[in-house]
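What follows is one structure encoded as C-alpha cells, with my remarks underneath.
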Amino acid sequence: MKVDRDAADGLSPLSGESFDAVVDVAPISYPWVRRALDAFPAAGHWTFVSSISAYAHPDRVDDVLLPPRQEHHDRSTVMADPDAYGSIKVASENAVLEAMGDRAFVVRAGLITGPGDLHDRFGYWPARLSRGGRVAVPDVDHPAQIIDVGDLAAWIVDAAEKGTAGCTTGSGPPRRCWTSSGASPRPSGRTPSWSRCRRTCWRRTTSPRGRGRGRCRCGCRPRTG
C-alpha cells in the first residue's frame, strides 16, 4: 500500500493495523519517523535504518554523534547543509530508542550498493574500470566500506525475527578504494591505467552507469601516477 509520508495523516490508510515488525527507511525526515512511531506504538520490533553519517568524527572510530536536529529535508536541500543528514538521523534514532526501548534496532548503514542505487558512488567505478583504458581517480587511497543492499536487507529481516535490539553499524570490512573496485576489469580482459589528480578540485564529472569520463572539475590535466 502506498502512503504519503509528507502528509500529517499520510499513514491513516494503515490505521488499526498491527505489525510484528516495522522497518523504517526514512532518509532525511524526523517528522516521518515521529509520525510512524505514534501510529504503530505496539509493533513487536522496530528497525530504523540510520547511517554512519550520524557519527561526528568520520575520520576515527568512536561513539560521538552529531547533535540531533528534529527537521525535515529532501535531497535538494540537504546538499547545502552537509551535517543535516547525520543530525536528522541522530534525532530519529533517539525517537525510536525512546519509544520502542528493547524492541528498537538501529542500523547505522555504510555505503549501500547494488540494485536501486541512484547515486552510483560505488557502482560507477566497476563499470568504468571494466572498460579499460586511462581512468582519472582522486589522489587518495583511503579505506572504504560498502554493503550490498541484498545482504543488508537479509540481515535486517533476520534481526527482526530474532528480536535483536540496540545500535550497530551495518557495513562491510574496510578495503583500500582501488583494491575494492580494481578486481572488476578482469572478467572483461581489459586493464585500466591510473591517472591521479593532484588537486583537491577533483570531481567525478560523469553520467550514471559509467558513461562519460572522469576529469577534474576545473579542467586541469591528471598526472599519471
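Just so you know, all these numbers are worked out from the coordinates, no wet-lab data involved. None of the values given here were measured: they were computed from a predicted structure. As a convention, Cβ positions derive from the backbone with ideal geometry for all residues, glycine included, and neighbour counts pool all protein chains shown.
Brief remarks on what is shown
- Shape call, segment 1-109: gyration tensor on alpha carbons, a/c limit 1.5: oblate
- Modelled spin-label separation between residue 98 and residue 72, with each label point placed 7 Å from Cα along the Cα-to-Cβ direction: 1.9 nm.
- Extended-chain gain in nm, criterion 0.36 nm per residue less alpha-carbon gap, residue 1 and residue 121: 40.2 nm
- Long-range amide H partners of residue 137 with built H, under 5 Å: 195, 196, 197
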